[in-house]
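S.K.: Below: one structure in structure tokens.
The values are calculated or read from the model by the stated rules, or taken from the named source; none is laboratory data. Please read all numbers here as calculations on a predicted model, not as lab measurements. Cβ coordinates were reconstructed from backbone atoms using ideal geometry, including for glycine residues, and neighbour counts include every protein chain displayed. Only protein heavy atoms, including side chains, enter the accessible area calculation; ligands, DNA and RNA are left aside. Shrake-Rupley method; radii C 1.70, N 1.55, O 1.52, S 1.80 Å.
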Amino acid sequence: MSSKEELQAHDQNSILKLVTSFPSKHKIAADGISPDGNTIVTTGWDKTIRFFTSKTGTSWTAQKAISAEHSFNKIAFSPDSKFMLAGGSQKLIKYQPDKEGVWSETEEVKGGRYDSNIMYCLKYLPDQKGLCTSGGSYINLFRVGNDGSSFTLEEEILGDPDSQVTNVEFSPEGHTMVMCGYMLLKVFKRSSSDGKWKMVMKQDGHWDYKAAYFSNQFLLINCDREWQRIYDVSEKEKNTYSSQDNAVSLTEMLTIKDSNRALFVPGTDLVLAACREDRKEKGFIRGDLLLFGHSAPKKWEKIQKLSGQKGFIDGMDFITLKGKSTAVVTVTSTSMRIWRFFPDDRIFECIMESCHENLGGMNLARLPNRGLIGISVSRRAQLIHVFKDNTNLLPKLGAILTKLRLEEYLEVAEEKEATTEKAMDTLSLDDGSGFKAWAVDIFKMKPGHIARLKRALQQFFI
């Protein structure tokens, strides 16, 4: 088989491969995957909960649907995957599996104030020693017991009597909390004396604040489906709070229009925003990714524009590939792309695209010794798609190309500045994998062919 045929034979789903799809059989209100990757759960507006279990991540067994007294729209698994919390209808219910692995309701978590049937927030705090819920105008903060399965209400905090608290975010160190809602944005810091949360900033405005995300220095606010705003948090993260501390001051640094979501690139102060462009003349909407960075605290600029997928990007999340490199997964209703981040150059490159019908947002879990698993739930089609880490099937050639990032070797070939043998010695590629013979064929190609091969390889290999 020639190198070109070998290249074409590779499956593009070389990172996350679709292994199965199955129906959920109810109108999905919430979905999730356990941290150990063995359980998928969906809740429905028909007051049912469905559990799907697997030991391999490939075949899934549907348990008998559980009929609940209430409908739930938020779920959260415990960090150890031993139980699940379902929230909604002003209730918080715990579900656990028995010795045979059959899940059932065990108890109600008491406490908390809810004045809406919608549970807007249900999440663990960064240190996993606390739990936060919001179901209306209040947020409820619980302390997790030493056994990891009991909860004690510590604090109820009023957001705004005329607004719903639609999201709560915590800084990575867990000392700062941001409360979001319609015309509601408050920042709290935790007191070192009594552990209570004290409001240090309230932002007035007419925005529908959706979410808040922290980086080392900046705070990103999702205002609504069309705007993203980045604020400078002038006060550094502190372990203590005192009455002499000044309130957090927010200075608007950047506004991103026509964007439905944006995230900080992990470990950086770069912002990746999903934007849309209406292509009316061609009859579709194109999703683009825009990468923003700053050269000075108050000077932000666009670093890169990535031509996105056809359709509206309604799912975007970061993952860690083998080798601890960072990538972002973007999902539309018909396709999924994975873009790898190269921190030295501060750019993203698309390394995989796969097309599927009826995709939705992506939930991802990193499993010990088993790589990555992801579920994409189409609420319209009531389908669950399971994707499994396939990077262990990459050929040795792919690993070599990853290490070299293709450019160094192919540029040598394209410029014809060295002999094949010299390039082999310089780049230490003669490892018995057959790559040397394959590379000799590259040197026989015309420069234009090499350039096209280079672009193709960047699409096929990590």
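S.K.: If ligands, DNA and RNA are left out, what is the accessible area of His175 with a 1.4 Å probe, given in Å² to the nearest 10?
M.R.: That residue has around 50 Å² of solvent-accessible surface.
S.K.: Expected output is a single nm value to one decimal: the length gained when fully extending between Lys110 and Ser325, i.e. 0.36 nm times separation in residues minus the C-alpha distance. What is it? Walk me through the numbers before you get to the answer.
M.R.: Details: separation 215, 0.36 × 215 = 77.40 nm, distance 4.20 nm.
Fully extending the segment from Lys110 to Ser325 adds 73.2 nm.
S.K.: Continuing with the same structure: Using the C-alpha atoms of the stretch 27-77, what convex hull volume per residue, in cubic angstrom, is computed? It would help to have the intermediate numbers written out before the result.
M.R.: Working: hull volume 3.4 nm³, N = 51.
Convex hull of Cα atoms, per residue: 68 Å³.
S.K.: With all protein chains present, how much of the accessible area of the stretch 3-150 (probe radius 1.4 Å) comes from carbon and sulfur, to the nearest whole percent?
M.R.: Reported share for carbon and sulfur atoms: 45 percent.
S.K.: Report the charge-dipole magnitude of the stretch 81-162 in Debye, nearest 20, computed about the Cα centre from +1 at each Lys and Arg Cβ and -1 at each Asp and Glu Cβ. Please list the in-between numbers first.
M.R.: On the way: 9 positive and 13 negative charges, 45 e Å.
That gives the stretch 81-162 a dipole magnitude of about 220 debye.
S.K.: Could I ask something else about it? Rounded if a/c is under 1.5, else prolate if a/b beats b/c, else oblate: with a ≥ b ≥ c from the C-alpha gyration tensor eigenvalues square-rooted, which is the stretch 124-179?
M.R.: It comes out oblate by the Cα gyration axes.
S.K.: I'd like to check one number: the per residue accessible area of the stretch 139-191, probe 1.4 Å, reported in Å² as a whole number.
M.R.: Here the residues of the stretch 139-191 average 39 Å² of exposed surface.
S.K.: Can you give me the Cα centroid spacing of the stretch 52-106 and the stretch 154-229 in angstrom?
M.R.: Going from one Cα centre to the other spans 29 Å.
S.K.: Quick one: net charge of Arg50's neighbours, Cβ under 12 Å, K/R +1, D/E -1?
M.R.: +2
S.K.: Something else about it: Take the Cβ-Cβ distance between Asp344 and Asp232 as r, set R0 to 30 Å, and report the resulting FRET efficiency rounded to the nearest 0.05.
M.R.: 0.75
S.K.: Explain nothing, just the number: dipole magnitude of the stretch 104-147 about its Cα centre with +1 on each Lys and Arg Cβ and -1 on each Asp and Glu Cβ, in debye rounded to the nearest 20.
M.R.: Once rounded to the nearest 20, the dipole reads 220 debye.
S.K.: Between Glu353 and Ser191, 0.36 nm times their residue separation minus their Cα-Cα distance comes to what? It would help to have the intermediate numbers written out before the result.
M.R.: Numbers: separation 162, 0.36 × 162 = 58.32 nm, distance 4.70 nm.
Answer, rounded to one decimal: 53.6 nm.
S.K.: Kindly report, to the nearest 10 Å², the accessible surface of Arg276 as traced by a 1.4 Å probe over protein heavy atoms only.
M.R.: 90 Å²
S.K.: What are the ³J(HN,Hα) values, in whole Hz, obtained from phi via the Karplus relation 6.51 cos²θ - 1.76 cosθ + 1.60 with θ = phi - 60°, for each residue of the stretch 119-130 in sequence order, with x given for Gly and Pro?
M.R.: 8, 8, 9, 8, 7, 7, 6, x, 7, 6, 9, x
S.K.: Given Ile338, Ser325, Gly360, which one lies farthest toward the positive end of the charge dipole of the stretch 315-363, if we put +1 on the Cβ of every Lys and Arg and -1 on the Cβ of every Asp and Glu?
M.R.: Ser325
S.K.: For the stretch 149-199, with only Lys/Arg (+1) and Asp/Glu (-1) charged at the beta-carbon, what is the dipole magnitude about the Cα centre, in debye rounded to 20? Working shown, then result.
M.R.: Details: 5 positive and 8 negative charges, 38 e Å.
Result for the stretch 149-199 is approximately 180 debye, rounded to the nearest 20.
S.K.: Another one. Classify the stretch 74-157: rounded, prolate or oblate, from the alpha-carbon gyration tensor (a ≥ b ≥ c, eigenvalue square roots; a/c under 1.5 rounded; otherwise prolate if a/b is larger than b/c)?
M.R.: Working: a/c = 2.11, a/b = 1.41, b/c = 1.50.
The shape class here is oblate.
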